[in-house]
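The values are calculated or read from the model by the stated rules, or taken from the named source; none is laboratory data. Quick caveat: nothing in here was measured; it's all calculated off a predicted structure. Note that each Cβ is placed from the backbone with ideal geometry, even for glycine, and that neighbours are counted across all protein chains shown. The protein model used for the area step is the full one, side chains on, heavy atoms only, and it has no ligands, DNA or RNA in it. Shrake-Rupley method; radii C 1.70, N 1.55, O 1.52, S 1.80 Å.
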Amino acid sequence: MSDDLTTTPDPMTYDGPVGGWGSAKGMAQVARAARPGPGALETLRRQNKPGGLMCVSCAWGKPPNPHVVEFCENGAKATLWDLTSERCGPDFFLDRTVTELSTWSEYDLEMAGRLTHPLRYDAASDRYLETTWNEAFAAIGQELQALDPKAVTFYASGKAGLEASFLYALYARAYGHVNLPDSSNMCHETTSVGLKEVVGSPVGTCVLEDFEHCDMIINVGQNPGTNSPRMLHPLQEAAERSCCIVAINPLREKGLIEFASPQSVWQMTVGSPTEIADRYLQVRTGGDIAALTGIAKHVLALERAEGGVLDHAFLEAHCHGVQDWMDWVDATDWADLERVSGLTRDAMEGIGAIYARSKAVIGVYGMGLTQHVHGSDAIGALVNLLLLRGNIGRKGAGCSPVRGHSNVQGQRTVGITEKPELVPNDRLRDLFGIEPPMEEGWNTTAFVEALLEGRAQGFLGLGGNLARAVPDTDRVAAAWRAMPLTVHVATRLNRTHLMPGRSSWILPCLVRAEQDIQSGTNQQVTVEDSFSHIHGSIGKRTPASPHLMSETAIVARLAQATLAPSPKMPWDSWADDYARIRALIEAVYPDDFRDFEARMNEPGGFYRDNPARNRDWQTESGRAQFTCPADLDATGLGERAGVYRLMTLRSNDQFNTTVYGMSDRLRGIEGDRMLVMMSPEDMAAEGLAPEQRITLDGAADDGVVRRVEGLRVVPYDLPRGCLAGYFPELNPLSPLSRGDLASDTPAAKGIPVRLA
Ligand SMILES: Nc1nc2c(c(=O)[nH]1)N[C@H]1C(S)=C(S)[C@@H](COP(=O)(O)OP(=O)(O)OC[C@H]3O[C@@H](n4cnc5c(=O)[nH]c(N)nc54)[C@H](O)[C@@H]3O)O[C@H]1N2
Ligand SMILES: Nc1nc2c(c(=O)[nH]1)N[C@H]1C(S)=C(S)[C@@H](COP(=O)(O)OP(=O)(O)OC[C@H]3O[C@@H](n4cnc5c(=O)[nH]c(N)nc54)[C@H](O)[C@@H]3O)O[C@H]1N2
Ligand SMILES: [Mo]
C-alpha cells in the first residue's frame, strides 16, 4: 500500500530501467535463439515506417515522424522470431508422433521453426504427413459441405491483415454462420461492449498526438514496458515535460517506474533513466472501481469546497445519469473504498487533487481492467472520472485502451464478429448476393461451451493457439479432439495443432515480413492500430519455404473449395490483386475506408474517424453515460477465508502463448515459468519458504475441480491476498464460468484459488 515513487529496487525486482542496455541484451538473446535468416536486420530498420513493415507484435500507433529506430525490444523479438532460419518440415513430423510432441513445451514446439509444407493428420501412424495444397483444399471444402455450418467455428487471432480478415468474415457468412470468435473475445471485448455502452464507441477515443498535449496520464492495469514498449517514448516525453503520470497496478511494473531510451546514447551510458510514474497506487487486484470512485469522490468534494472543478457546461450538454451517479458516490463510504481498493483515502485524494487541476487527462488501460467479472463497470468508473472534467472529445484528453494483437482492432472493423448487427448486412446482400445469418453466433466462450457439450463440429483457425489461450485448458484439451474437422492456418507449431480432430490439417502461411507475390506483384496488406489509424505494410524477405501461401490466398482458396461458384464472388481474382479486396472493403465500409488505396501509405496511417472523439455520442441516451457499478470489487469475489485472487500475466519473454525464453527480466525473475508470486507477508502467514513448490486449487463455486501442481513460490511486492503467475501455464485454473458480465471476456485477472 504505497503511493510514492521508489526508485530503489527491492531484492525481488530487476534493478535496471526498462529499455536501456538490458533491452539490447534481451534482444540479442532472442536473436541467438531465433537464429534469424539474412535480411532480418534490414527489415527491422524499416519497421513501423511508411513503406515498411508494420510490426507484428502489439497494436501501438505508428507515428508519422518515426524515430530512427521505431521498434522495441519485443517488436524486434517478434520479427526475428518470424524470420528464423529454423524449419519444421515434413521430416520433423516423420520422426515424431503427435502423442510424443504433445509432451513438448510450448517453447520447444515453437523452437522447431517455421512450418514449410501443408500437412494432413494420419490417425493410423499418429503423425502429420506432407500433403498438397490441392488435396487439402478439396478435402476441407468437402468436409465443410457435409457439416452443419451452425456447428462450425472460424476463429481469428488478431494478426492477419484487413484483406485476409475481410474475406474470412465474408466466407463465414456466405457459408452460413457467424461463429466468428476472435482473440479480442479474451482481451478487449470488455472495451467493445463496455466502452461502447458509455461513450458510444467500441474503441479508444485518443490519437497518438494526444499524448503530446496531455498534462496527466492515468494508467490502469496496463504494462507498457513488456506489452507495448514503444509507448514508453510518449510516456518519457510526457514525463520530461512534467506531465503527471499515475499508475494504478497491484504490481510495481518496471516500465511504469523508469525508462532509459535505447535511442538516447546519453541515457544509455552516463545519464540517469527518466522517472515515469509520479504516483504509483498499488491497488488490490480488482480494486480499481473502488480506487477510481475514491478519486472521483474527492473531485466532487473539491468542487463543493472550492468550485470551478467540474466542467458544468459539458456535463449539462453531453452527459446522462450525472445526478444518480453523484448520489451513489455520496452514499458510498470511504471505509468501503479503502477496504476494496486496498489504498488509503489519502492516496486516492492525492490523485483526485492532481486530477482536479489537470487540463487534459488521458485514461490508459489494459487487461488489468478488462479481464474481470465487472470489467465493463471498471471501464465505466474510469470514464465517469474522465467525464467530470470533460476529458473526452478534446485535444490531449480521452480514453485509451491499449489493444493487443497488431490487427485485432482492424479485424473487428472489417466484419469479424459474432454479432450480426455490427456489420452492414444489406450491403453484403447487394454486393455479394449472400444471405448473411441474422442470429447471433458464437464468441470464444460460447464456442468453448459448445465444444465441452459436444456441439462443435468443425474448427478453422486463422492463426492463434486457441486451445491454450482459453480458460479451463485441461477440460478443453480433453474435448478438442472429438471435433470431426480441425484446420489451422499457422506459421509455427503449437499445442492446439497437437489436438487433431478426426480430419486435421495444418496450412502453413507467410509471415507479414515476407514477400507476398500474386500474379507477379508483391502485395501490400493493411492493419489498424490502437488509435484507429490504417497502415499499409509490405514484406520484403524471401519466404521461409516455396510451399507457403499467404493468409489471403489460403482463405480465398478455402472459400472457393467450400462454396457454390458465384459470379459475385470471384475469389481467385480477389486473391490475385489485394487492391481489389481493398475496393470491396471500401464499398462495404465507405465512411471508414474512403480512398483506401490512395491513403493507405500516408505517414502515420489514415484515421478512420471516431464519433465519441467528436462528442457525437452513439449511446442509448444519445449522451455520454455515467454509470453506477453493480459491485465495488471488480472480481466480484468478496472476502472468503483462504481464497486468493490470482492474476495471470505476460512475462517480458513471451508473446501470448509464444514463449521466447524463460527470463522475465523486468520483474527480476529468471528460470522456469511454473511459479506463483506472493507477498512475503502472505508467505509468512502460510508458512512458505521462497522457492518452495506448491499446488493451487481452483476456488470457483461451479463444481469443477481445477488444479495446477509444482508452482515455485516467488516472494514479490504484491498486496496481501493477491497472487500472480503466468498465462498460459495457469489457464487450467481459470474458470470458463467467470467472465465479464457484459461481454464474456474471461476473468483472467481475478481467478479464485486456494493453496492445496
Ligand atoms: N511482448 C508482448 N507484447 C504483447 C503481448 C505479449 O504477450 N507479449 N500480448 C499482446 C496482447 S494480445 C495484449 S491484449 C496486450 C496485453 O497487455 P496488458 O494489458 O499490459 O496485459 P497483461 O500483461 O496481461 O497485464 C496488464 C497489467 O495488469 C495488471 N493487473 C492485473 N490485475 C489488475 C487489477 O485488478 N487492477 C489493475 N489496475 N491492474 C491489474 C498487471 O499487474 C499487469 O501489469 O499486450 C500485447 N502485447
Ligand atoms: N489466463 C490468461 N489467458 C489469456 C490471457 C491472459 O492475460 N491470461 N490473455 C488473452 C488475450 S489478451 C489474448 S489476445 C489471447 C491470445 O490468444 P491467441 O491469439 O489464440 O494466441 P497467440 O499465442 O497469440 O497465437 C500464437 C500462434 O499463432 C500462430 N501465428 C503466429 N503468427 C502468425 C501469423 O502471422 N499468421 C498465422 N496464421 N498464424 C500465426 C502461431 O502458430 C502461434 O503459435 O489469449 C487470452 N488468454
Ligand atoms: Mo490480447
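Peptides 62-70, 193-201 ranked from most to least packed, by the mean per-residue count of other Cβ atoms within 10 Å: 193-201, 62-70. Ranking F92, F593 by solvent-accessible area of protein heavy atoms (1.4 Å probe, all protein chains present), from largest to smallest, gives F92, F593.
Output the pairs from K49/K359; K297/K749; K77/K540; K62/K749; K297/K395 with a Cα-Cα distance over 20 Å in this structure; if there are none, say none. Beyond 20 Å: K49/K359; K297/K749; K62/K749; K297/K395.
Sequentially through the range 209-222, phi angles give Karplus couplings (6.51, -1.76, 1.60; θ = phi - 60°) of 4, 4, 5, 7, 10, 8, 10, 8, 10, 10, 9, 10, x, 9 Hz, Gly and Pro residues having no value and appearing as x. Other residues whose C-beta falls under 10 angstrom from the C-beta of D592 contribute a net charge of -2, scoring Lys and Arg +1 and Asp and Glu -1.
When H318, H188 are compared by accessible area at a 1.4 angstrom probe, the order from most to least is H318, H188. Normalised by the number of residues in the range 151-269, the average gap of Cα pairs under 8 Å and 6 or more apart makes the relative contact order 18 percent. Straight-line cross-link reach from K159 at under 15 Å between alpha-carbon atoms covers these aspartates and glutamates, not counting any fewer than eight positions away in the same chain: D82, D182, E514, E528, D529, E551. Decide, for the range 644-755, between rounded, prolate and oblate: order the square roots of the alpha carbon gyration tensor eigenvalues as a ≥ b ≥ c, take rounded if a/c falls under 1.5, and otherwise choose prolate if a/b is larger than b/c, else oblate. Oblate. Note on T99 and R754: with the Förster distance fixed at 30 Å, the Cβ-Cβ geometry gives a FRET efficiency of about 0.35. Summary of the geometry: the range 633-661 and the range 576-621, compared by the centres of their Cα atoms, lie 36 Å apart. A straight line joining the Cα centroids of the range 185-219 and the range 221-255 runs 16 Å.
Remark: the chain carries 33 Å² of accessible area per residue (probe radius 1.4 Å; ligands, DNA and RNA excluded). Here the chain has 50 percent of its accessible surface on carbon and sulfur atoms, given a 1.4 Å probe and all protein chains in place. For the range 644-755, DSSP calls about 60 percent of its internal beta bridges antiparallel.
Taking 0.36 nm per residue of sequence separation and removing the Cα-Cα distance, the R502/L147 pair yields an extension gain of 126.5 nm.
With every protein chain in place and a 1.4 angstrom probe, the accessible-area ranking of K49, K77, K159, largest first, reads K159, K49, K77. Length available on full extension from D591 to A28: 0.36 nm per residue minus the Cα-Cα distance, which gives 198.3 nm. When only alpha carbons are used to place a centre, the range 339-358 and the range 511-559 end up 48 Å from one another. Each of the peptides 731-743, 367-379, 597-609, 287-299 was scored by the mean count of other Cβ atoms within 10 Å over its residues; in descending order, highest first, they stand as 367-379, 287-299, 731-743, 597-609. Looking at the chain, the DSSP beta bridges with both ends there are about 40 percent antiparallel. Label-to-label distance, N425 versus A313, with points set 7 angstrom from Cα along the beta-carbon direction: 4.4 nm. Taking 17 Å as the straight-line reach from the Cα of K419, the lysines in range (excluding those fewer than 8 positions away in the same chain) are K150, K196. Please list, by residue number, everything in the range 483-508 whose backbone N is under 18 Å from a paramagnetic label point 7 Å out along Cα→Cβ of R35. The answer is 492-493. Just need the relative contact order of the range 644-755 here, percent rounded to a whole number, with Cα pairs under 8 Å and 6+ apart. After rounding, I find 38 percent.
Fully extending the segment from V643 to E449, taken as 0.36 nm per residue of separation minus the present Cα-Cα distance, adds 67.3 nm.
Note on D609 and R693: the model spin-label points, each 7 Å out from Cα along the C-beta direction, lie 6.1 nm apart. In the chain, the DSSP-assigned H stretches of four residues or longer account for a calculated mean residue ellipticity at 222 nm of -9000 deg cm²/dmol, using -39500 (n - 2.57) per stretch and the full residue count as denominator.
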